[in-house]
Structure formats: C-alpha cells, structure tokens
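Let me begin by presenting the structure, written as structure tokens, before commenting on it.
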Amino acid sequence: MPKSFAPLRALALALAASLLPLPATADMPLTYVSDGRALFHLSAPDFWQVRSGGPRALTPPGSDEARLINRVIGFEPEAEPGVWVGFMSPNGVSTFAQAEDYLRNIGKSVVSDPELREQSRIRIGGLPAARYVGTGRRDGNAVAFTAVLVDLPGSRVAISLAVVETGARLELVEDINSIYASFRAAN
C-alpha cells in the first residue's frame, strides 16, 4: 500500500471497528421521510451541519446514464472540511443485492478509484447491516470511506456513506459513530 494511504487505512479501520453499539450521544434528532412515511431516525452531533436534498438525477463520471437519486441527508462538521456522512433510502431498493448495485452506481459520484479493503455483516440499530470499508479519492484528495447498508422493515434499505479526507482529525470518528449509534428504524 502506498505510504500516502497508510493513515487512511488506520482511519478507515477505526471507523469500521467503531460502528459497534454505543450509547447514542448525538444531540439533534432527525427523521428520514419518503413518500410521506417515516423510514428511520438518527441524530446529528453538536457543531455539525445537516443538509437534505430532494430527488434529482445524477450522471456518474464516465457514464451517459443519469441515475435517479432520492433524498439524501448529509452531515458535515462545521469547522472541518473534507468529512461527510450521508444517508438515503432509494425507492425500489429492497434487498442488500439491489442496494449494493445502487451503491456501486452512485458511489462513483462520491468516491473515485475506490479500493475495497474490508466487508462484513454487522447490526445497526438492532437491524441486519452490511459494512464496506475502503480508500479512494474525492475532489483529488485521498479519502477513507465506509459504506453501510441497513435492512429496514417494510422492504426498504437505508444506504449510508461516510467519507473522510487525509488529515482530518481522528476525533471526528467519534462523532460519526454517534450518528450511526443513534440510527433507529421508524415504527
């Protein structure tokens, strides 16, 4: 592995290892709603910005085919560029296999040259989940990423992607983990 990616590997593994059940300590509750129905809840840490975008079509680099993207809830620390966590639950994606295909397509718009380092089955919010950890590039910068797929009740899957640039403070991993620890399916 190139030396420039060694710190990223450590960061990716810290994020991957830490997606274990923790007490939820994030402070601003949010609800992801699709077609008028609440699908899941999570919380944002203090001093993080939250933005949501509605449905839109994006064309991945190197493709002529636009892909419909559902609402995305994105989290970024106010004072730390280069760290981003996003959540979505695309319509028509009801299995891990479909979610993996969807992630493969939209992932090109978020991380270029991805190299998968680890994958595992875990639980998020008490639900079955899959986690994919790797490295790549975003806007020309080296990044570590963790993608998480969560099997939601009612034939839906939540898809999340956390991206952290080289040089980001490792303390932000605790905030990212608090976001995942707060994740709960809506009843």
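The values are calculated or read from the model by the stated rules, or taken from the named source; none is laboratory data. Nothing here was measured: the structure is a model prediction, and the numbers come from that model. Neighbour counts run over all protein chains shown; Cβ positions are idealised from the backbone, glycine included. Note: areas computed on protein heavy atoms with side chains; ligands, DNA, RNA excluded. Shrake-Rupley method; radii C 1.70, N 1.55, O 1.52, S 1.80 Å.
Among the conditions (1) in contact (Cβ under 8 Å) with a residue 24 or more places away in the chain; (2) open to solvent by 30 Å² or more (accessible area, probe 1.4 Å); (3) over 28 Å from residue 31 (Cβ atoms), residue 116 misses just one, which is (1).
Please indicate, with yes or no, whether at least one residue in the stretch 162-177 is surrounded by 19 or more Cβ atoms within 10 Å (Cβ to Cβ), small (Gly, Ala, Ser) and modelled with pLDDT of 95 or more. The answer is no; no qualifying residue exists. Of the residues making up the stretch 137-150, just one is at positive phi and either buried (at least 24 other Cβ atoms within 10 Å of the Cβ) or not charged (D, E, K, R) (or both), namely 140. Among residues belonging to the stretch 71-115 that are more than 16 Å from residue 138 (Cβ to Cβ) and of a type in the set (Ser, Thr, Tyr), point out the one that is modelled with the lowest pLDDT. In this case the residue turns out to be 102. Among residues of the stretch 61-87 that are under 17 Å from residue 112 (Cβ atoms), those with a Cβ under 7 angstrom from a residue that is at pLDDT 75 or above and in a loop (DSSP other than H, G, I, E, B), sequence gap 6+ or separate chain, pair up as 82/168. Among the criteria (1) modelled with pLDDT of 95 or more; (2) crowded, with 17+ Cβ neighbours inside 10 Å, the one residue 134 does not fulfil is (1). Is it the case that some residue within the stretch 116-127 is more than 14 Å from the chain's Cα centre (by Cα), over 24 Å from residue 175 (Cα atoms) and at pLDDT below 95? So far as the stretch 116-127 goes, no, none of its residues is more than 14 Å from the chain's Cα centre (by Cα), over 24 Å from residue 175 (Cα atoms) and at pLDDT below 95.
Tell me, which residue of the stretch 41-64 that is among the charged types (D, E, K, R) and at pLDDT 75 or above is least open to solvent (accessible area, probe 1.4 Å)?
Here is the first cut: in the stretch 41-64, the ones among the charged types (D, E, K, R) are 46, 51, 56, 64.
Cutting the leftovers down to at pLDDT 75 or above gives us 46, 51, 64.
Numbers: 46: 86, 51: 144, 64: 156 Å².
Only one residue tops the list, namely 46.
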